[in-house]
1. Assuming R0 = 25 Å, can you tell me the calculated FRET efficiency for the pair A:Tyr50 and A:Glu16, based on Cβ-Cβ distance, to the nearest 0.05?
2. For the pairs A:Lys14/A:Lys47; A:Lys31/B:Lys40; B:Lys40/B:Lys91; A:Lys6/A:Lys47, note any where the Cα-Cα span goes beyond 27 Å.
3. For B:16-24, what's the mean count of beta carbons from other chains sitting within 10 Å of each residue's beta carbon?
4. Determine the relative contact order of chain B: mean sequence separation of Cα pairs under 8 Å and six or more apart, normalised by residue count, in whole percent.
5. Evaluate the charge dipole of chain B about its Cα centre and quote only its size in Debye, nearest 20, assuming +1 on the Cβ of each Lys and Arg and -1 on the Cβ of each Asp and Glu.
6. Compute the angle between helix B:85-99 and the longest alpha-carbon principal axis of chain B, please, reported from 0 to 90 degrees and rounded to the nearest 10.
7. Given a cut-off of under 8 Å on Cα pairs at least six residues apart, what relative contact order in percent is computed for chain A?
8. If R₀ is 45 angstrom, what is the calculated FRET efficiency for the pair B:Val82 and A:Ala76, using the beta carbon separation as r and rounding to 0.05?
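Read the figures in this text as sums done on the coordinates, not as results from a lab. Keep in mind it's a predicted model, so treat the numbers as computed, not measured. Counting neighbours? That spans all protein chains shown, and the Cβs are built from the backbone with ideal geometry, glycine included.
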Amino acid sequence: MTATFKSGDPVRVKAEERPGHIRTPAYVRGKLGWVERVHGEFRDPEKLAYGRDGLPRQPLYLVGFRQTDLWPERYAESPRDCLYVDIYEHWLEPVGAEGTQQ
Amino acid sequence: MARTHDMGGRPTDEPLNTAEHALADWEVTADAMVIALGRKGLSGTDQLRRAIEDMPSDEYAALSYYERWARATETLLTEKDVLSHEEIDRKMAELEETWGVS
């Protein structure tokens, strides 16, 4: 499976609750960010966790977020500060023209 | 709702303990055991994390880092039918007698 997103693309992390082992921390779910880098394709750890083969491989991205977007009322440092999280493709959705990121 | 282990952004008044600490012998052994079982396909980062995250919250909170590894390893080996809880308990009792440990 080839990567849907490329470096610089705005993305939103799906705001989903899923049972079991998931590799996307709660504090980024539903948040807007951008693809900083495409890492490549890897076996899906959310399937490997249950002894399955983790195929098809999933594209993995380094996704950037503004700290002020992650902690809207709590982040008192520089608005330029960013946080980067590795996120698999099945947790990301494209952001349309209404997206205001970057 | 984030599960117990998914702590990012959760407010706390407890200071972070960032001090280095020496590992006990059994902790080094637990680490080696997980690596050896991984070579045999019986454990691994993803499976181990899943087994750790599935522990009841109070148990997760009460155990130390490598205690969680040991507890999760028991889960993985028993669900794969490599060992039974009874066999593990019997061996523990035997070791207590031999070395006076508990």
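1. Working: r = 18 Å, r/R0 = 0.73.
Approximately 0.85, to the nearest 0.05.
2. Details: A:Lys14/A:Lys47 18 Å; A:Lys31/B:Lys40 39 Å; B:Lys40/B:Lys91 22 Å; A:Lys6/A:Lys47 24 Å.
From the list (A:Lys14/A:Lys47; A:Lys31/B:Lys40; B:Lys40/B:Lys91; A:Lys6/A:Lys47), the Cα-Cα distance tops 27 Å for A:Lys31/B:Lys40.
3. Working: counts 0, 0, 0, 0, 0, 0, 0, 0, 0.
Mean partner-chain Cβ count within 10 Å for B:16-24: 0.
4. With pairs under 8 Å counted, the relative contact order is 24 percent.
5. Details: 11 positive and 22 negative charges, 98 e Å.
Its charge dipole is roughly 460 debye.
6. 80 degrees
7. Working: 189 pairs, mean separation 31.6, N = 102.
Relative contact order comes out at 31 percent.
8. Details: r = 51 Å, r/R0 = 1.14.
E(calc), rounded to 0.05, equals 0.30.
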